[in-house]
Amino acid sequence: MTIKCGDKLPNVYLHENTPDSKVNISELAAGKKVIIVGVPGAFTPCCSKDYVPDFISDCGKYKSKGVDEIVCISVNDPYVMAAWGKDLNAGGKVRMLADGNGAFTKALGLEKDFTDTLGTSSSRCKRFSMYAEDGVVKKLFVEPDGHSVTCSKSENLLSQL
């Protein structure tokens, strides 16, 4: 079942920077206003050129609307996500969290086979953006085809807050 507005975030661990640094996403969101952005893959052209950089550059606008954290997740290992965050200068603006085994993506019901697009047979995350308050999803935008950039882009989510 796909997550929807009104649902609680799943109690799943992600990783930040290394496999030893676990972050429980439901604990991270407890008592906070959080933006969570999901992407099919780190370092992909669309995600690296426009999509994630827009959330990074809009960080101040989100903060002015009371958002406490912005998190980007992808089904990648934590070293790749850390390197990608460094490459994008995301530090202090967007936390780059790895969903290494896809548990978070599966719990959201947002997994998709990107074999034709990414050349990998593993299940990846559909592109989405969400706003959660105290661990409850309030706004959710999932790309209909899983990878385009239309409804889930930063400017759309920002306009809904």
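Do the conditions hold for Val94, that is, is it buried (at least 16 other Cβ atoms within 10 Å of the Cβ), of a type in the set (A, V, I, L, M, F, W, C) and touching a residue at least 60 places away in the same chain (Cβ under 8 Å)? No. Does at least one position in region 76-84 carry a residue that is modelled with pLDDT of 95 or more, not β-branched (Val, Ile, Thr) and not in a helix (DSSP H, G or I)? The answer is no, given that none of the residues of region 76-84 is modelled with pLDDT of 95 or more, not β-branched (Val, Ile, Thr) and not in a helix (DSSP H, G or I).
Are any residues in region 145-161 in contact with a Ser or Thr (Cβ under 8 Å, 6 or more places away or on another chain) and either surrounded by fewer than 16 Cβ atoms within 10 Å (Cβ to Cβ) or at positive phi (or both), and if so, which ones? The answer is Asn156, and nothing else. Of everything listed in (1) surrounded by fewer than 21 Cβ atoms within 10 Å (Cβ to Cβ); (2) under 14 Å from the mean Cα position of the chain (by Cα); (3) at pLDDT below 95, the single unmet condition for Asn101 is (2). Answer with yes or no whether Lys106 is charged (D, E, K, R), within 19 Å of His15 (Cα to Cα), assigned to a helix (DSSP H, G or I) and under 15 Å from the mean Cα position of the chain (by Cα). Here the answer is yes, as Lys106 does meet what is asked. One residue is enough: does region 75-82 have a residue meeting the conditions crowded, with 24+ Cβ neighbours inside 10 Å and closer than 25 Å to Lys4 by Cβ? Yes - at least one qualifying residue is present in region 75-82.
The values are calculated or read from the model by the stated rules, or taken from the named source; none is laboratory data. All of these numbers come straight from a predicted model, not from anything done at the bench. No Cβ is skipped: glycine too gets one built from the backbone with ideal geometry, and neighbour counts run over all protein chains shown.
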